Amino acid sequence: MIVALYAIMFSTGDKTPRLGIDLAGGTSVTLTAKADQGRNGAVNKSNMQTAVEIIRQRVNAFGVSEAEVQTEGDRNIVISIPKGKNEKETAEQVGQTAKLFFRPVLEAAQITPQGGTKLPLTPPSTPPASAPPASTPPAAESGKPQGRVIPNLKDASGAPTPPPSTPPASTPPATPPASTPPAGADANGITPELRAKYENLDCSLPENRGLGPVPAPEDQPTVACSRDQGDEQEKYILGPVLIPGTDVDSSKAQLPQNGSVGGWEVELKFTDAGTNKFTKITGDLAAGKYPTNRFAIDLDGVVVSAPSVKSEIPGGSAVISGNFTRSSAKDLENVLKYGALPLSFTKSDVTTVSASLGGDQLRGGLIAGAIGIVLVILYSLFYYRGLGLVSIASLAVSAALTYAIMCLLGRSIGFALNLPAVCGAIAAIGITVDSFIVYFERIRDEIREGRTLRPAVEKAWPRARRTILVSDAVSFLAAAVLYVVSVGKVQGFAFTLGLTTLLDVVVVFLFTKPLMTILAKRKFFADGHKWSGLDPVALGANQRQSYRSRRPRGRAAGVKEA
């Protein structure tokens, strides 16, 4: 078993266990829930647990192993992200409160790297009379930035999209605000104050791009920046929320289906409640001109994507296509799938654990384990003498199996060794040695009854085996219950304790017992040498019974013992 495990370990390159955040270093983000007067209600246990599950799914979607998401008190959620290649990206994106909305685009402008705008704040009111020149992409529309690929929202069934009809010049945009435009506002509901805020919006500031400003009320228009950078960045005036993120049922990044040609795309499906809204809204948006035919996906005040709509999309299933890479499509999938939290959160604390501090803790844990093993070895040699070598060999086999399995579990199930897991392994030393002691004492009891070593080894095994199995069953049950009812790092302790308990059974059955059977045939142990730990005199054996057990069986002096 050891040879097979280590052969697999070296062939896969998993020569060391994966380490958790407290040993390898990483980032810890604390989110604090705040009262939400909108649709989501108050902070309570149910909403907090829902938020934990969504954030945990988002963390897993980034491919981060051994990340922990758990509640702390009544209002805090702690996200622990181990050090690795996705640590910074995960800490930034998962730390967002991820409140997702779909809003109509009222105005849009492309941002230059210097912070200026390439487009006029108000798009042209009339489309070009003739078809665009050959150098212009066919999908270009009036007011659309040339050379920039705007994502397109289309029916997921692959049905051909009819060309958009141009509304009369006097027809207002088809997506007016939900309420009557305030005094001084234009036909889109844009007030002079909102336009001034739009013009002064600096998308180069982190609080306006990537981290998100304080989200505006759902029934009010707002301004926002896109999450893109460089020439791809835009800023927007957005209308009131049309569809909340909770109406999204699922999303999936995929290559084009139905024989289509192109790059990556993202399919999204709405719930029954969202389907009716989506059908009507896409029909209204398709009747507008650029940019009012665009649909912004707003994540905490930052626009993740703003695809254009060319026709009504029934059925609640659509595809967002555009200039997507696999990474950007997967990112949008995660935002749509795990974006809507039932509560609003603020990032109250961000703590980074250095690798040096984690190394110090690991070194301390290993020193504690080494001290425990040395004490066990000294006790075994002092009390059991030669039998102590059997317990030492059994401990070495158990350690070899435990190390190999921990290395392999890092790749297979994402298991990472943290400080409580090290404590579990140290505690398991006692459980393992206890099994050896039970068996050794049973053998000694048989020798005290006058039996020689070979029959004593076999006679003691059924009784010792029963005791060992009961003891390990209780330990494993305790570890299993602790794993189920605990959260966070305590689960690492329970998992390691349960694993080593199972390995204790394997070692005792497949190594310790067979080794004792072999040693019982060796003269040093069979004759009860005083340093073997099995000396009948030192054990107070019944000398008469011991003598009789050694007498030849048979009536004649020359008859051999059977």
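The values are calculated or read from the model by the stated rules, or taken from the named source; none is laboratory data. What you see is a predicted model; the values in this text were computed from it and never measured. Here the Cβ is made from the backbone with ideal geometry for all residues, glycine too, and neighbour counts use every protein chain on show. Surface areas here come from the heavy atoms of the whole protein model, side chains and all, with no ligands, DNA or RNA. Shrake-Rupley method; radii C 1.70, N 1.55, O 1.52, S 1.80 Å.
Quick notes
- Scan of segment 369-397 for residues that are farther than 24 Å from F525 by Cα and surrounded by 13 or more Cβ atoms within 10 Å (Cβ to Cβ), ordered by number: G369, G372, I373
- Some residue of segment 479-493 being of a type in the set (K, R), on the phi < 0 side of the Ramachandran plot and touching a residue at least 60 places away in the same chain (Cβ under 8 Å): yes
- Filtering segment 206-222 to residues that are surrounded by fewer than 22 Cβ atoms within 10 Å (Cβ to Cβ) and at pLDDT 85 or above leaves only Q220.
- Across segment 287-316, the qualifying residues are those that are among the small types (G, A, S) and over 15 Å from F102 (Cβ atoms), and the one among them that is modelled with the lowest pLDDT is G288.
- Residue check for I243: modelled with pLDDT of 90 or more and either surrounded by fewer than 22 Cβ atoms within 10 Å (Cβ to Cβ) or aromatic (F, W, Y) (or both): yes
- Scanning segment 428-447 for residues that are open to solvent by less than 60 Å² (accessible area, probe 1.4 Å) and over 16 Å from A541 (Cα atoms) gives A428, I429, G430, I431, T432, V433, S435, F436, I437, V438, Y439.
- Looking at L469, L482, L502, just one residue is part of a helix (DSSP H, G or I), more than 17 Å from G430 (Cα to Cα) and open to solvent by 40 Å² or more (accessible area, probe 1.4 Å), and that residue is L482.
- Residue check for V457: open to solvent by 20 Å² or more (accessible area, probe 1.4 Å) and part of a helix (DSSP H, G or I): no
- Single match in G450, G492 (criterion: open to solvent by less than 30 Å² (accessible area, probe 1.4 Å), in a loop (DSSP other than H, G, I, E, B) and not hydroxyl-bearing (S, T, Y)): G450
- Whichever residue in segment 328-353 is in contact with a Phe, Trp or Tyr (Cβ under 9 Å, 6 or more places away or on another chain) and polar (S, T, N, Q) and, among such residues, is surrounded by the most Cβ atoms within 10 Å (Cβ to Cβ): N334
- Picking from residues in segment 411-447 that are in a helix (DSSP H, G or I) and of a type in the set (F, W, Y), the one that is farthest from the chain's Cα centre (by Cα) is F440.
- Residue in segment 266-275 that is assigned to a helix (DSSP H, G or I), modelled with pLDDT of 85 or more and out of contact with any helix residue (DSSP H, G or I) (no Cβ under 8 Å at 6 or more places or on another chain) present: yes
- Condition broken by K88, with the remaining ones in (1) at pLDDT 70 or above; (2) over 15 Å from S344 (Cα atoms) satisfied: (1)
- Number of residues in segment 505-528 that are open to solvent by less than 80 Å² (accessible area, probe 1.4 Å) and farther than 27 Å from A425 by Cβ equals 6.
- Residue match in segment 399-409 (condition: at pLDDT 80 or above, open to solvent by less than 70 Å² (accessible area, probe 1.4 Å) and farther than 21 Å from R18 by Cβ): no
- Pair list, Cβ under 9 Å, 6 or more apart: segment 403-423 residue touching a residue at least 40 places away in the same chain (Cβ under 8 Å) and of a type in the set (F, W, Y), other residue assigned to a helix (DSSP H, G or I) and open to solvent by less than 30 Å² (accessible area, probe 1.4 Å): Y403/M9; F415/M406; F415/A421; F415/G492
- From K252, K277, residue being surrounded by fewer than 21 Cβ atoms within 10 Å (Cβ to Cβ), closer than 24 Å to V223 by Cβ and not polar (S, T, N, Q): K277
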